[in-house]
Amino acid sequence: MPRKLIQFHPEDFRALEQLAEDRVSTVQELMDEAVRNFLEKSGRPTNLRDALREGATKTPSEQRKHRTRKR
């Protein structure tokens, strides 16, 4: 799994740690859930199966448009 260093304000991180403790979870699990929710809200696939399915339903010209919009 790729790793990235993300910096939080100390008070935000303390709040995340408290939420994780309250939910008997980890900060990593909270962040995974938040990213998945954000991707779903943005209409982006959240796993390989969905990404492949989405790519298979688009025409080549739609795929080119999508790639150029991301940049």
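Any idea which of ALA20, ALA15 is hydrophobic (A, V, I, L, M, F, W, C), modelled with pLDDT of 95 or more and in contact with an Asp or Glu (Cβ under 9 Å, 6 or more places away or on another chain)?
After applying the criteria, what remains is ALA20.
With the requirement that a residue be exposed (fewer than 12 other Cβ atoms within 10 Å of the Cβ) and not in a helix (DSSP H, G or I), what does the stretch 31-61 give you?
Answer for the stretch 31-61, where residues must be exposed (fewer than 12 other Cβ atoms within 10 Å of the Cβ) and not in a helix (DSSP H, G or I): SER42, GLY43, ASN47, THR59.
I need the full set of residues from the stretch 1-29 which are among the aliphatic types (A, V, I, L, M) and surrounded by fewer than 10 Cβ atoms within 10 Å (Cβ to Cβ), in order please.
MET1, LEU5, ILE6, VAL24
If I go through the stretch 2-30 residue by residue, how many of them are within 16 Å of the chain's Cα centre (by Cα) and not in a loop (DSSP other than H, G, I, E, B)?
The number of residues fulfilling the criteria is 4.
Which pairs do you get when a residue that is farther than 14 Å from ILE6 by Cβ and β-branched (Val, Ile, Thr), found in the stretch 26-40, comes within reach of a residue that is modelled with pLDDT of 95 or more and surrounded by 13 or more Cβ atoms within 10 Å (Cβ to Cβ), reach meaning Cβ atoms under 6 angstrom, with the pair 6+ apart or on two chains?
Qualifying pairs under 6 Å: THR26/ALA20.
Name the residue that is modelled with the lowest pLDDT, counting only residues in the stretch 41-71 that are of a type in the set (Ser, Thr, Tyr) and over 22 Å from MET1 (Cβ atoms).
THR68
The values are calculated or read from the model by the stated rules, or taken from the named source; none is laboratory data. No experiment lies behind these values; they were computed from the predicted model shown. Don't worry about glycine lacking a Cβ; one is built from the backbone with ideal geometry, like all the others, and counts go over all protein chains shown.
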